[in-house]
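The values are calculated or read from the model by the stated rules, or taken from the named source; none is laboratory data. Quantities reported herein were computed from a predicted structural model and do not represent experimental measurements. As a convention, Cβ positions derive from the backbone with ideal geometry for all residues, glycine included, and neighbour counts pool all protein chains shown. Heavy atoms of the whole protein, side chains included, go into the accessibility calculation; ligands, DNA and RNA do not. Shrake-Rupley method; radii C 1.70, N 1.55, O 1.52, S 1.80 Å.
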Amino acid sequence: LKLCSLFFVLFFLSCNKNEKFIMLKGYISWQQKDWNQAISHFLNAKEIAEFNENKAEYEIYALSSTYLMQNEDSSAVNNLKKIENTTDEKLSSSVFYQLGIIAFNKQQYKLATSYFKKSLEKEPSKLDAKINYEISIKRIDDELLRKAKNAKINVKDDEDTYDAIVDIFK
């Protein structure tokens, strides 16, 4: 929520009056958790930005944030991928952070770690990215440990089975 507010402030510094008004309406809808209305406004603002030959990066980010709130991860990822190469360091950091969150929620911890690391490269002081990076590494370690334990159990089961078969043949 705090992150979304920051981007709306930054956005208002870089767009025309009509676009600002529509984004404000989208932001209000977003705050009220009226996701469909927010998407409608953000799509409208995106169209205006593109018509005016602007990049529409903040509009796309706002759309992605709204899709995430609706658990529409694939739509969010598709939009975030469109703006992952932005030159705006704060926006880029947030894009990678959101991609990391999506990957983490899908239990794709290596991918999540990669995204959180990219987020930190763009904005090294980003505490949320640092925390989630460490949590992702911990999950990777936990998975490796669990797999190693399972492999050890399977080896022991195989040895027991082999011994039982040998005893039968004796």
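In the context of the full set of protein chains, residues of the range 20-100 present 49 Å² of accessible surface per residue (probe radius 1.4 Å, heavy atoms only). If the limit is 29 Å between Cα atoms, which of Lys106/Lys126; Lys46/Lys122; Lys82/Lys147 go over it? Violating the 29 Å Cα-Cα cut-off are Lys82/Lys147. Among Ile60, Ile101, the order of accessible area from largest down is Ile101, Ile60, computed with a 1.4 Å probe on protein heavy atoms. Each of Trp35 and Leu144 was given a label point 7 Å from its Cα along the Cα-to-Cβ line. The distance between the two points is 3.6 nm.
Accessible area per residue (1.4 Å probe, heavy atoms of protein chains only) ranks Leu43, Leu144 as Leu144, Leu43, with the largest value leading.
The Glu47 and Asp73 beta-carbon pair, evaluated with R₀ = 25 Å, returns a calculated FRET efficiency of approximately 0.60.
The smallest convex shape that holds all Cα atoms of the range 63-123, its convex hull, gives 66 Å³ per residue. Note on surface exposure: Arg139, Arg146 rank Arg146, Arg139 by accessible area, highest first, 1.4 Å probe.
When only the Cβ of Lys, Arg, Asp and Glu is charged (+1, +1, -1, -1), the dipole of the range 37-77 relative to its Cα centre reaches about 80 debye. Averaging the Cα positions of each part gives two centres, and for the range 62-81 and the range 16-46 these lie 15 Å apart.
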